[in-house]
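Bear in mind that the values in this text are calculations on the coordinates, not laboratory data. What you see is a predicted model; the values in this text were computed from it and never measured. Here Cβ is always computed from backbone atoms with ideal geometry, including for glycine, and neighbour counts include all displayed protein chains.
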Amino acid sequence: YEERGRCYLLSAPGPHALLLVTQLGRYTAQDQQAVKAVRDMFGEGILKRVVVVFTRKEDLGESSLQDYVRCTDNQALRELVAECEGRVCAFDNRATGREQEAQVEELLGLVEGLVRERGGAHYTNEVYDLAQALHWASPEERLRRVAETVAARVQRPKGPWLRARLREWKTPHWSSLRFSLAFLLGCVLLLSVLLFKSYTQDLAGRSSEVTPD
């Protein structure tokens, strides 16, 4: 459980948002298992902090992303989008210049809206609370205590299907899912940097508008 403990410590005090990146038209069984792994590790409420980002927007043609999500025959994808409260956007892999900037702005708008809806509060649970409370401890002690708490948390009785998923973490098949989780946590760090940059630029702009009496 040390690997999962490190994930918690790296993302403490908790993410404001997570990005789930998937290719348009290819939300596969492996993607579904990656989502389950994230849910199992962080709790059911984590999906309320997820933005689903589709690549290959160009494949939509004249259709809208909302129409695609509403009409897709991939029930698992429809359920995921519903759990994420409809937060979706798409990126055209070939976009450049202003079009590329507009795509980034749309994504940041979704994230900023999510943060506002939650009153600026980050996602938290008992493991994140412990990680924060152990700020005084050595890195080794923090990791040990957090890993123990993660182990106790995931071993609580939650039904046969969840126990099966947790056992699968030990198999080579899950190496790709661990990569997916690392990618999601990387997105958390990237979003934190972008939001902080946006916030500081906004403050600078407001300061420049104030003139002395």
Q. Here is a list of conditions, (1) part of a helix (DSSP H, G or I); (2) surrounded by 16 or more Cβ atoms within 10 Å (Cβ to Cβ), and V52 meets all of them except one; can you say which number that is?
A. (1)
Q. Could you say whether any residue in region 24-46 is surrounded by 15 or more Cβ atoms within 10 Å (Cβ to Cβ), acidic (D, E) and within 25 Å of V150 (Cα to Cα)?
A. yes
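Kindly provide the set of residues from region 79-135 that are basic (K, R) and either touching a Leu at 6+ places or on another chain (Cβ under 8 Å) or more than 13 Å from P15 (Cα to Cα) (or both), ordered by number.
Correct list: R87, R94, R98, R116.
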Q: Restrict the check to region 80-103 and report whether at least one residue is touching a helix residue (DSSP H, G or I) at 6+ places or on another chain (Cβ under 6 Å), of a type in the set (G, A, S) and closer than 30 Å to H135 by Cβ.
A: no
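In region 1-43, what count of residues is obtained for those that are basic (K, R) and within 12 Å of the chain's Cα centre (by Cα)?
Initial filter on region 1-43 (basic (K, R)): 4, 6, 26, 36, 39.
Imposing the further condition that a residue be within 12 Å of the chain's Cα centre (by Cα) reduces the set to 39.
The total comes to 1.
Give me the residue from region 93-117 that is small (G, A, S) and either within 18 Å of the chain's Cα centre (by Cα) or part of a loop (DSSP other than H, G, I, E, B) (or both) and, out of that set, surrounded by the fewest Cβ atoms within 10 Å (Cβ to Cβ). Break it down into steps so the answer makes sense when it comes.
Within region 93-117, the subset small (G, A, S) is 95, 97, 102, 109, 113.
Pick out the ones that are also either within 18 Å of the chain's Cα centre (by Cα) or part of a loop (DSSP other than H, G, I, E, B) (or both) and you get 95, 109, 113.
Numbers: A95: 15, G109: 11, G113: 13.
The selected residue is G109.
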